[in-house]
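The values are calculated or read from the model by the stated rules, or taken from the named source; none is laboratory data. Since the structure is predicted, the reported quantities are computational estimates derived from the model, not experimental observations. No Cβ is skipped: glycine too gets one built from the backbone with ideal geometry, and neighbour counts run over all protein chains shown. What goes into the accessible areas is simple: the full protein's heavy atoms, side chains included, and nothing from ligands, DNA or RNA. Shrake-Rupley method; radii C 1.70, N 1.55, O 1.52, S 1.80 Å.
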Amino acid sequence: MNKQASALHNLDEVRAMIKRHKMNDQIFSIIGLIALMVGLLTLLILFIDLVMDGYPKLFSWDFYTNFPSRRAANAGLLSAWVGSALVMIVTFISAVPMGIAAGIYLEEYAPKNWFSDFIEINVTNLAGVPSIVYGLLALGLFVYILDLGQSIVTAGLTLGLLILPVVIVATREAIRGIPVAIREAAYAVGATKWQVVYHHVLQYSIGGILTGVIIGMARAIGETAPIITIGALTFIAFLPPSPVTSTAPFLNFDWLTSGFTVLPIQMFSWLSRPSADFHVNAAAAGAVIIVVTLLMNAMAIRVRYKMRKKIKW
Amino acid sequence: MNTVNQVLKNPMDMQISDRLAKNFRRNLIERGIEFILMLAALSAVFITIAIVAILLYESFAFFEHVSLVEFFTDTQWTPLFEDAHYGIMPLVAGTLTTSAIALMVAVPIGTIGAIYLSEFASHKTRETVKPILELLVGVPTVVFGYFALLFVTPLLQKFIPGLPAFNMLGPGIVIGIMIIPYIASVAEDAMRAVPMSMREGSYAMGATRFQTAIRVVTPAAVSGIIAAYILGISRAVGETMVVAIAAGQQPTLTFNPMEGAATITAYIVQVAMGDLPHGSIGYQSIFAAGLVLMLMTLFFNVLGHMSRKKFREAY
């Protein structure tokens with residue numbers, strides 16, 4: 001009788017223990033969710049803070065069509081967003097074709113030897129180099145050795161170098177997802193390697209590559225440190241010459257060597273002024289930058305999601 | 001003989017020689033394309049060489065004026081002053097302090113987040129949460145600088161009276177929040193690489209999810225989790241805008257987070273904002289500082305990737 005009672009008592013203890021441990025599970029999953037929400041919550045607070053601080057400027061048309069000014073009330077973003085757009089053109093042209101080509105080589109052509117390993121290590125390593133070091137490279141190489149000055153082409157090339165590893169890695173990952181059977185089918189009907197790559201591999205991986213390109217460009221548009229390092233923190237109250245002209249040959253390349261400012265630089269310059277009036281402008285500029293980069297990132301995620309849904313191997 | 005001649009004149013055979021010629025052209029084009037693609041891949045090597053060459057070249061010029069002993073032992077960094085001192089230690093101290101604060105924020109939160117994502121979250125939760133974390137990575141750092149200077153620091157001043165407007169605590173915390181997604185995703189990768197059979201063994205013994213996560217999965221993935229921390233340090237060390245905006249730019253040799261200080265990156269920004277003549281000692285000093293920064297991040301990156309490789313090989 002006594003023995004049975006203690007067994008029952010033990011059973012209760014065991015049940016209590018199980019309950020306790022199950023409770024721990026519940027508690028941890030709540031803590032885990034909260035831990036992940038810290039990031040999201042910060043982003044939300046940050047955005048609300050920017051919109052509230054920059055409210056008077058954010059919804060006024062003048063803010064987007066005015067040049068920067070010595071008076072906070074008149075200062076606008078015109079030269080900054082035009083500069084950002086022009087710099088992005090150079091960045092896109094310099095980084096995207098080269099990055100995709102490098103990704104294709106590493107994934108489809110490179111033999112498995114020390115040489116390919118060496119290139120791979122370099123790509124991985126470049127992805128981890130702080131962005132300001134790219135700025136130092138650009139200051140030494142583009143500004144002084146190649147004598148391109150503190151111009152749009154310098155900034156575009158600098159950001160191009162910066163996002164090159166992003167494009168390479170995205171291209172490789174996208175290509176890696178394509179089954180060998182696709183390639184073998186193309187080879188079987190007599191296609192050459194390049195025909196296989198161009199007509200099949202590249203066509204099917206374009207979604208993944210595009211995702212990487214958009215994420216890279218979003219990163220480039222928000223980068224500040226390397227642009228400051230090349231010495232571009234100046235007061236720009238003019239627009240670079242227009243890249244498109246009304247007379248033949250319709251294209252004009254003078255804008256490449258023009259001085260410029262970009263959105264994050266403009267924000268930083270307003271932010272580093274002691275006067276709180278300019279902080280309103282900085283907040284509004286920050287909200288604009290966040291909206292642009294978040295939209296680009298959301299677009300990238302959407303492209304990837306759609307591609308994943310559409311293609312089933 | 002007759003039949004042979006006939007065969008040779010057969011149009012089919014003409015096609016074979018044509019085809020060989022075409023084949024030759026095809027191979028030539030193929031080779032050309034392969035060569036161009038290889039050049040593109042080599043660009044990564046060229047960029048690395050260019051970075052190292054530029055940093056070393058300007059740093060050598062710098063170290064002709066400044067001895068290595070002075071560089072590493074002097075406790076003041078005032079290259080732009082009349083009474084110039086070239087001791088990198090104040091900048092290194094600032095960098096390490098902000099990075100340490102960032103890690104104190106990011107390591108616990110990132111690790112818990114990774115355990116949750118890998119062991120607790122349903123497939124659907126994971127698919128929703130991960131893109132959101134990616135969004136956070138995409139936010140430009142200059143915006144986080146604004147946040148540190150005009151939101152976090154004023155908030156902290158309510159709890160810590162006497163906290164100066166420029167301090168290392170606020171930016172450190174903000175950098176920490178910035179690197180949470182990074183640490184969480186690398187650590188989660190490591191945990192997901194632990195084979196299912198180990199979890200099943202643990203469940204079979206009656207362990208709960210939490211016990212399995214803490215006592216089985218985490219120890220098995222420890223080298224990968226450490227890799228996540230190390231790569232996180234590397235990010236924090238190289239972070240520029242947040243500290244340049246919110247930590248003040250006064251190089252003081254201190255590890256006290258309540259004080260303002262300059263980091264290596266903030267110093268480079270500060271000098272670049274001024275108009276320093278090419279070839280002056282101030283101009284060269286930012287390359288020397290950049291070299292130190294590059295070596296620090298390289299050290300952490302190599303260590304992190306080695307640690308990461310180790311967990312990949314284990315299973």
Which ones in the range B:234-261 are modelled with pLDDT of 85 or more and part of a loop (DSSP other than H, G, I, E, B)?
B:Glu239, B:Thr240
Which listed residue is open to solvent by less than 10 Å² (accessible area, probe 1.4 Å), within 8 Å of another protein chain (Cβ to nearest Cβ) and within 29 Å of A:Ala287 (Cβ to Cβ), from A:Leu50, A:Leu137:
A:Leu50
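Return a yes/no flag: does the range B:118-131 have any residue that is assigned by TED's automatic domain parsing to the domain that holds B:Ile264, within 11 Å of B:Ile179 (Cα to Cα) and open to solvent by 30 Å² or more (accessible area, probe 1.4 Å). Before the answer, list the steps.
If we filter the range B:118-131 for residues that are assigned by TED's automatic domain parsing to the domain that holds B:Ile264, which is where we start, we get B:118-131.
Subset that is within 11 Å of B:Ile179 (Cα to Cα): none.
No.
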Please identify the pairs in which a residue from the range B:244-255 that is assigned by TED's automatic domain parsing to the domain that holds B:Tyr267 and open to solvent by less than 30 Å² (accessible area, probe 1.4 Å) has its Cβ atom under 9 Å from the Cβ atom of a residue that is among the polar types (S, T, N, Q) and assigned to a loop (DSSP other than H, G, I, E, B), counting only partners at least 6 apart or on another chain.
B:Ala244/A:Thr224; B:Ala244/A:Ser272; B:Ala244/B:Thr263; B:Ile245/A:Ser272; B:Ala246/B:Asn167; B:Ala247/B:Asn167; B:Ala247/B:Thr263; B:Gly248/B:Asn167
What pairs come out if I take residues in the range B:165-193 that are within 13 Å of another protein chain (Cβ to nearest Cβ) and pair them with residues that are not in a helix (DSSP H, G or I) whose C-beta lies under 7 Å away, six or more apart or interchain?
B:Phe166/B:Ala247; B:Phe166/B:Gly248; B:Phe166/B:Gly260; B:Ile175/B:Glu239; B:Met191/B:Ala221
For the range B:200-228, which residues satisfy the criterion of being more than 11 Å from chain A (Cβ to nearest Cβ), of a type in the set (A, V, I, L, M) and open to solvent by 40 Å² or more (accessible area, probe 1.4 Å)?
B:Ala204, B:Met205, B:Val222, B:Ile226
Criterion (at pLDDT 90 or above and more than 22 Å from the chain's Cα centre (by Cα)) met by exactly one of A:Tyr144, A:Tyr134, A:Tyr109, A:Tyr105:
A:Tyr105
With the condition kept exactly as written, say whether any residue in the range A:91-107 is more than 14 Å from every other protein chain (Cβ to nearest Cβ) and among the polar types (S, T, N, Q).
yes
Selection within the range B:171-185 - at pLDDT below 90 and farther than 14 Å from B:Ala236 by Cβ
B:Ser185
Residue by residue through the range B:31-73, note down the ones that are touching a residue at least 40 places away in the same chain (Cβ under 8 Å), at the interface with chain A (Cβ under 7 Å from one of its Cβ atoms) and more than 19 Å from A:Asn122 (Cβ to Cβ).
B:Glu58
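Specify which of the listed residues (A:Gly149, A:Gly128, A:Gly83) is within 9 Å of another protein chain (Cβ to nearest Cβ) and of a type in the set (Gly, Ala, Ser).
Values: A:Gly149 fails: within 9 Å of another protein chain (Cβ to nearest Cβ); A:Gly83 fails: within 9 Å of another protein chain (Cβ to nearest Cβ).
When all the criteria are applied, what remains is A:Gly128.
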What do you reckon, is B:Leu231 open to solvent by less than 60 Å² (accessible area, probe 1.4 Å), within 13 Å of chain A (Cβ to nearest Cβ), assigned to a helix (DSSP H, G or I) and in contact with a Gly (Cβ under 9 Å, 6 or more places away or on another chain)?
yes
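Condition test on B:Leu156, is it open to solvent by 10 Å² or more (accessible area, probe 1.4 Å), in contact (Cβ under 8 Å) with a residue 40 or more places away in the chain and not aromatic (Phe, Trp, Tyr)?
Working: open to solvent by 10 Å² or more (accessible area, probe 1.4 Å): yes; in contact (Cβ under 8 Å) with a residue 40 or more places away in the chain: no; not aromatic (Phe, Trp, Tyr): yes.
No: the conditions fail for B:Leu156.
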Over the range A:258-313, the set of residues free of Cβ contacts under 8 Å to residues at least 24 places away in the same chain, within 8 Å of chain B (Cβ to nearest Cβ) and over 20 Å from A:Arg219 (Cα atoms) is A:Leu271, A:Ser272
Pairs only if they're at least six apart or on different chains, beta carbon under 8 angstrom, first in the range A:129-153 and assigned by TED's automatic domain parsing to the domain that holds A:Val87 and part of a helix (DSSP H, G or I), second acidic (Asp, Glu) and open to solvent by 10 Å² or more (accessible area, probe 1.4 Å); list them, first residue then second.
A:Ser131/A:Glu223; A:Gly140/B:Glu58
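Listed residues B:Met196, B:Met168, B:Met191; which is hydrophobic (A, V, I, L, M, F, W, C) and open to solvent by 30 Å² or more (accessible area, probe 1.4 Å)? So that I can check it myself, show each step before the final result.
Working: B:Met168 fails: open to solvent by 30 Å² or more (accessible area, probe 1.4 Å); B:Met191 fails: open to solvent by 30 Å² or more (accessible area, probe 1.4 Å).
Within the list B:Met196, B:Met168, B:Met191, the selection yields B:Met196.
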Residue tally, condition in contact (Cβ under 8 Å) with a residue 12 or more places away in the chain and either hydrophobic (A, V, I, L, M, F, W, C) or assigned by TED's automatic domain parsing to the domain that holds A:Ala282 (or both), over the range A:17-51
4
